[in-house]
Amino acid sequence: MKKTLPKIKLLPKTNTLVILLLIAVIGFAAIWLYGGIKHSEVSIESDNRIDITPEMVKSIKDIGEWEFLSIADEQLVDTVRKGIFSNDHLVRIYYGTMRLGVNMHQLEPGWIKSEGDSLVVTLPPIILLDRDFIDEARTRHFHESGHWTGSDREALFERAHQRMLKNGLTPQNIESARQHGETLFRQLMRSLGFKHVNIQWGKEKTTS
């Protein structure tokens, strides 16, 4: 018996065109979707700007006096009063600790400005935080002969005070206090999210 091959039924031309068009549409849709996803990924941006809130400003001002450098000093001060037969002597040793820093209550309006993730800060000038820095409880009466009044002892105290001021409030100590203050303030602001902090210093007001 002679075998016959099965007949292959050809699709009409119209159906073939429809299938080709569907494949093309699906292909273009996939390309467009993939391109859109890539474009979205490239355009993602992060906003690193951090706003300065009133609460943040208040908390910084509430620091009040901020010590950056302490200087311990001791002074031996004496005075002599000459007499006819002998001289009177008064000798004392004074101890004191001077604290250099800033008073955050002295911040001027506009002292802090934000530029993106950076800050421009103007701090108050470095000052002596406490002028009553001599520890009178530690004062040693090294030598005393003759009769001395309270005014005499007060004058001796004032001489020790002025010597310590001269030794403590030097340009070198003030600059050291500034450098330490900048380090501490940058650490504070970076903990609040600011990456770059530009610090300036105000000038001490002089009284006439």
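The values are calculated or read from the model by the stated rules, or taken from the named source; none is laboratory data. Quick caveat: nothing in here was measured; it's all calculated off a predicted structure. FYI the Cβ positions are ideal-geometry reconstructions off the backbone, even for glycines, and counts take in every protein chain you see. Side chains included, ligands, DNA and RNA excluded: accessible areas come from the protein's heavy atoms. Shrake-Rupley method; radii C 1.70, N 1.55, O 1.52, S 1.80 Å.
Mind checking which residues of the range 95-128 are part of a strand (DSSP E or B) and aromatic (Phe, Trp, Tyr)?
Correct list: 95 only.
If residue 92 passes every condition in (1) crowded, with 16+ Cβ neighbours inside 10 Å; (2) in a loop (DSSP other than H, G, I, E, B); (3) of a type in the set (Lys, Arg) but one, which one does it miss?
(2)
Starting from the range 54-65, keep only residues that are open to solvent by 70 Å² or more (accessible area, probe 1.4 Å), then list their pairs with residues that are among the aliphatic types (A, V, I, L, M) and not in a loop (DSSP other than H, G, I, E, B) whose Cβ atoms are within a distance under 7 Å, requiring at least 6 positions of separation or different chains.
Close Cβ pairs satisfying both conditions: 61/104.
Give the range 76-89 a look and list any residue that's of a type in the set (Val, Ile, Thr), over 17 Å from residue 139 (Cα atoms) and in a strand (DSSP E or B), or say none.
Within the range 76-89, just 80 meets the criteria.
To keep it simple, each residue is scored yes or no on (1) buried (at least 17 other Cβ atoms within 10 Å of the Cβ); (2) farther than 28 Å from residue 72 by Cβ; (3) touching a helix residue (DSSP H, G or I) at 6+ places or on another chain (Cβ under 7 Å).
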| residue | (1), (2), (3) |
| --- | --- |
| 135 | no, no, no |
| 172 | no, no, no |
| 175 | no, no, no |
| 185 | yes, no, no |
| 191 | no, yes, no |
| 198 | no, yes, no |
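For residue 76, state whether it is modelled with pLDDT of 95 or more and open to solvent by 70 Å² or more (accessible area, probe 1.4 Å).
When the stated conditions are applied, residue 76 passes them.
Tell me which of these residue 143 doesn't satisfy, since it passes every other one: (1) closer than 30 Å to residue 191 by Cβ; (2) open to solvent by 30 Å² or more (accessible area, probe 1.4 Å); (3) not in a loop (DSSP other than H, G, I, E, B).
Single failed check for residue 143: (1).
Which residues, counting only those in the range 166-208, are under 12 Å from residue 127 (Cβ atoms), among the basic types (Lys, Arg) and modelled with pLDDT under 95?
Result: 203, 205.
Can you find even one residue in the range 102-110 that is out of contact with any Pro (no Cβ under 6 Å at 6 or more places or on another chain), more than 20 Å from residue 61 (Cβ to Cβ) and exposed (fewer than 15 other Cβ atoms within 10 Å of the Cβ)?
Within the range 102-110 (the criterion being out of contact with any Pro (no Cβ under 6 Å at 6 or more places or on another chain), more than 20 Å from residue 61 (Cβ to Cβ) and exposed (fewer than 15 other Cβ atoms within 10 Å of the Cβ)), the answer is no, since none of the residues qualifies.
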